[in-house]
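Below is one structure, written out as structure tokens, with a few remarks after it.
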């Protein structure tokens with residue numbers, strides 16, 4: 001066997017050996033990740049469920065428990081119940097398109113048809129502008145309003161809504177976010193009316 005053949009064989013063996021080592025490391029790392037996921041998945045699921053329950057209680061504080069979610073297209077809902085099992089309202093989770101992509105929010109509506117709370121769950125809109133839509137002070141504009149046929153309207157500073165009391169102040173520099181969330185809330189109001197038979 002010549003020197004060049006010996007070197008070639010040595011190179012092939014080195015490549016095979018390195019490949020086997022990399023394969024073994026990858027296999028062990030994959031197994032460790034799978035084991036970690038198996039161990040932590042139930043805990044993560046429990047934390048997510050608790051977070052969702054707390055969000056529901058925040059937007060429908062008169063409820064003490066909730067029914068299972070019902071899916072309706074891009075919107076889900078559950079019924080809020082008091083301690084005696086009476087319906088006190090509904091919690092809707094809805095996703096709309098906004099400036100930075102999807103904007104997901106949760107909205108509570110009491111049996112009187114008025115909004116009891118709103119919480120933005122996910123938003124990729126511009127920090128300092130569109131993210132203002134996640135602030136409780138801005139979201140407070142929706143609270144306590146609603147009723148049969150009631151719809152919100154985004155208005156710019158100095159303007160008045162076409163229906164008194166329906167105005168939502170546009171976020172300066174983030175009108176798209178204001179419009180998107182308000183349109184989504186109006187869709188929730190429509191859905192509430194369709195399942196409740198309208199508010200008297």
- Query: Any idea what Rg and Dmax come out to for the chain if you just take the C-alpha atoms, in Å?
  - Reply: 26.7, 98
- So what is the relative contact order of the stretch 60-196, in percent, for Cα pairs below 8 Å that sit 6 or more residues apart? 18 percent
- Query: Under a plain spin-label model, where a point goes 7 Å from the Cα along Cα-to-Cβ, how far apart in nm are residue 31 and residue 111?
  - Reply: 5.9 nm
- Message: What percentages make up the Cα-Cα pair-distance distribution of the stretch 88-158 when the bins are 5 Å wide from 0?
- Response: 4, 15, 22, 26, 19, 10, 3, 0
- List 182, 76, 14 from most exposed to least, where exposure is judged by having the fewest other Cβ atoms within 10 Å. 14, 76, 182
- When 106, 75, 13 are arranged by how many other beta-carbons sit within 10 Å of their Cβ, fewest first, they go 13, 75, 106
- Task: Per DSSP H run of n ≥ 4, the term is -39500 (n - 2.57); total these for the chain, divide by its residue number, and report the mean residue ellipticity at 222 nm rounded to 500 deg cm²/dmol.
- Result: -15000 deg cm²/dmol
- Query: If you count the DSSP beta bridges with both ends in the chain, what percent of them are antiparallel, to the nearest 5?
  - Reply: 90 percent
- In the Gaussian network model of the chain, springs joining C-alpha atoms below 10 Å, which of 171, 16, 143 carries the largest mean-square fluctuation? 16
- In degrees, nearest ten, helix 175-196 long axis to first principal axis of the chain (Cα): 70 degrees
- Task: Mind giving me the FRET efficiency for residue 175 and residue 136? R0 is 25 Å, r the Cβ-Cβ distance, nearest 0.05 is fine.
- Result: 0.75
- Taking other Cβ within 10 Å of each residue's Cβ, how do 77, 43 sort, fewest first? 43, 77
- Mean Cβ neighbour count within 10 Å, used as a protection proxy, ranking 31-40, 94-103 highest first: 94-103, 31-40
- Most mobile of 156, 104, 17 in a GNM of the chain (Cα contacts under 10 Å): 17
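None of the figures in this text is laboratory data; all of them are computed from the coordinates on show. A quick note: this is a predicted structure, and the numbers were derived from the prediction, not measured. For neighbour counting, all protein chains shown are included, and Cβ atoms are generated from backbone atoms with ideal geometry for every residue, glycine included.
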